[in-house]
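I have placed the structure first, in the form of structure tokens, so that the comments after it can refer back to it.
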Amino acid sequence: MKDTTLGTGAYKGVRDFYPKDMYVERYMFDTMSRAAESFGYSEYGASVLEPVELYKSKSSEEIVSEQTYTFTDRGGREVTLRPEMTPTVARMVAARERELTFPLRWYTIANMFRYERPQRGRMREHWQLNADIFGVPDIEAEVEIIALSSSIMKAFGAHESDFEIRVSDRSILFSLFDELALSQETQKQLLLLLDKKDRAPHSDIELEKLLGDKTSAFREKIKRASSSTELELLIKRLKGVGVTNAIVDTSIVRAFNYYTGIVFEVFDTSGENKRSLFGGGRYDNLLELFGKKKIPAVGFGMGDITLRDFLETHELLPEYVPRTDLYLCTLSEKARGYAQALAQELRAQDINVEVSLSVKRVGDQVAVASAKSIPFVICIGEDEMKSKEFTIKELKGGKEKVLLKETIADYIFSHI
Ligand code: HAM
């Protein structure tokens, strides 16, 4: 007979978040939000569903043709699960361009879907912080966005020596493309190839295939184009705001077609995580797609998977602490009713309380609290209900203290 038992694994390439994983996610998201808000960025959100056209013109060929999850809805529309946020935010800004106040500073933390081969640092669903500034045409925008990226890393406890910010400028490449009179299509393919260079073993052969007799001229020119005055200025300005680990690296190109100027990627210096941790850049023409005026924009996307790998490598992940402060053990049915009422009073004082629903042996109940890493336990039986005195026990270390009901909340606050 056919086995009809359902498997318990998640869909290929996506993750389940059990409470301990969710704790780490929450910690990462909270830290990122705080840092973004400290720079004056406001949070926005959008649906994960977008019409497929949004990605067709300016995104990355590779992402659109090979990596999107696209389906036809019941009304015959082609729908894509967003693979990135930038087209969505550009659409939203373009839609309300007249009402919004520029420079506009926005951030979001949202999930993205890409049909990639699952591997270290790459999955089919990830969460990404996006922070973008709109309406600033000069280098002040890059300085701020890169300073924000750096602040986020530092907020996680990373030192500047743990990561490196590599900056480049696509205009160097664009003028090189002009000199070599490359067609639009060749330019697109070349950008993609250059972005994959470190990961693609046959990129040299592919380069020759693409450029033919222009290959050696291209190699020569790109070797000489090692920096620009704008990049040097950026590095200097970054130093001025305390970011000293940015370097110029003109081999950084980034995959998306919409970038128009400075681009950057952040790398782990430990050698453990080879892929870039996150990146972004300037995209001044994307909003034109919506028939609106040009609005210059700079931003970046920082993924939770690469970030978590980085934090693990550098031992920067916090230890799991449950949100529950207190576990109430109950010695009888009557005591349970009493405990539930007491729990309500404590919750009103901002204490998170779990009430045992069993009246099993005290030892077994305390073991439950301990397995859940709940820091405090109070056992409630006839004596406590009569005397209105409660012995609170700190499970770590075993310290005990007798308290009146009114002092429980204060005691917990001063001991956590
Ligand atoms: P991206 O480089 O494609 O840029 O993605 C940004 C970051 O998201 C990556 O560096 C990585 O941390 C994470 N990421 C991307 N794909 C995956 C994946 N399959 N699995 C795990 N993590 C992933 C963008 O998406 C741009 N829209 C960023 C941007 C915002 N540029 C300007 N503003």
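The values are calculated or read from the model by the stated rules, or taken from the named source; none is laboratory data. These figures come from a predicted structure and were not determined experimentally. Methodologically, a virtual Cβ is constructed for each residue, glycine included, from the backbone with ideal geometry; neighbour enumeration extends over all protein chains shown.
On inspection, THR108 fails the criterion of being away from the ligand (no atom under 13 Å from the Cβ), modelled with pLDDT of 95 or more and of a type in the set (Val, Ile, Thr). Just wondering, is there one or more residues in the range 114-130 that are of a type in the set (A, V, I, L, M), in contact with a strand residue (DSSP E or B) (Cβ under 8 Å, 6 or more places away or on another chain), within 30 Å of ILE235 (Cα to Cα) and within 12 Å of the ligand (Cβ to nearest atom)? Yes; the residues of the range 114-130 include at least one that is of a type in the set (A, V, I, L, M), in contact with a strand residue (DSSP E or B) (Cβ under 8 Å, 6 or more places away or on another chain), within 30 Å of ILE235 (Cα to Cα) and within 12 Å of the ligand (Cβ to nearest atom). Given the criteria in contact with a Lys or Arg (Cβ under 9 Å, 6 or more places away or on another chain), polar (S, T, N, Q) and closer than 29 Å to SER270 by Cβ, does ASN130 qualify? When the stated conditions are applied, ASN130 does not pass them. Note on the range 350-371: among residues that are small (Gly, Ala, Ser) and touching a residue at least 24 places away in the same chain (Cβ under 8 Å), the one that is surrounded by the fewest Cβ atoms within 10 Å (Cβ to Cβ) is SER358. Among the residues of the range 83-110, just one is surrounded by fewer than 20 Cβ atoms within 10 Å (Cβ to Cβ) and β-branched (Val, Ile, Thr), namely THR101.
Scanning the range 275-292 for residues that are without any contact (Cβ under 8 Å) to a residue 40 or more places away in the chain and charged (D, E, K, R) yields one hit, GLU288. Selection over the range 26-35 of residues that are in contact with a helix residue (DSSP H, G or I) (Cβ under 7 Å, 6 or more places away or on another chain) and within 29 Å of THR80 (Cβ to Cβ) gives a count of 2.
Residue-level check: of (1) within 16 Å of the ligand (Cβ to nearest atom); (2) buried (at least 20 other Cβ atoms within 10 Å of the Cβ), ALA339 misses just (1).
Within the range 145-170, the set of residues being under 19 Å from the mean Cα position of the chain (by Cα), assigned to a helix (DSSP H, G or I) and surrounded by fewer than 20 Cβ atoms within 10 Å (Cβ to Cβ) comprises ALA147, SER151, LYS154, ALA155, ASP162.
Residues that are within 30 Å of the chain's Cα centre (by Cα), surrounded by 18 or more Cβ atoms within 10 Å (Cβ to Cβ), at pLDDT below 95 and under 20 Å from GLY280 (Cα atoms) do occur in the range 171-186. Just one of the listed residues (ALA246, ALA255) is crowded, with 19+ Cβ neighbours inside 10 Å, under 25 Å from the mean Cα position of the chain (by Cα) and under 26 Å from ALA158 (Cβ atoms), and it is ALA246. Checking each residue in the range 323-349 for being in contact (Cβ under 8 Å) with a residue 60 or more places away in the chain and outside any helix (DSSP H, G or I) picks out ASP325, LEU326, GLN349.
Within the range 206-227, the set of residues being modelled with pLDDT of 85 or more, among the aliphatic types (A, V, I, L, M) and within 36 Å of the chain's Cα centre (by Cα) comprises LEU207, LEU210. Considering the range 131-140, and only residues there that are more than 11 Å from the ligand (Cβ to nearest atom) and surrounded by 16 or more Cβ atoms within 10 Å (Cβ to Cβ), the residue that is farthest from MET92 (Cα to Cα) turns out to be ILE139. LEU176 meets the stated requirement of being free of Cβ contacts under 8 Å to residues at least 60 places away in the same chain, in contact with a helix residue (DSSP H, G or I) (Cβ under 9 Å, 6 or more places away or on another chain) and more than 16 Å from the ligand (Cβ to nearest atom).
Would you check if ARG166 is at pLDDT below 90, within 14 Å of the ligand (Cβ to nearest atom) and of a type outside the set (Gly, Ala, Ser)? For ARG166, the condition - at pLDDT below 90, within 14 Å of the ligand (Cβ to nearest atom) and of a type outside the set (Gly, Ala, Ser) - is not met. Among the residues of the range 272-295, the ones that are more than 13 Å from THR86 (Cα to Cα) and in contact with a helix residue (DSSP H, G or I) (Cβ under 9 Å, 6 or more places away or on another chain) come to 13 in all.
Assigned to a strand (DSSP E or B) and in the same structural domain as LEU342 (by TED's automatic domain parsing): is that true of VAL402 in this structure? It is true that VAL402 is assigned to a strand (DSSP E or B) and in the same structural domain as LEU342 (by TED's automatic domain parsing). Out of curiosity, is ILE295 in contact (Cβ under 8 Å) with a residue 40 or more places away in the chain and either over 18 Å from ILE165 (Cβ atoms) or small (Gly, Ala, Ser) (or both)? In short, yes.
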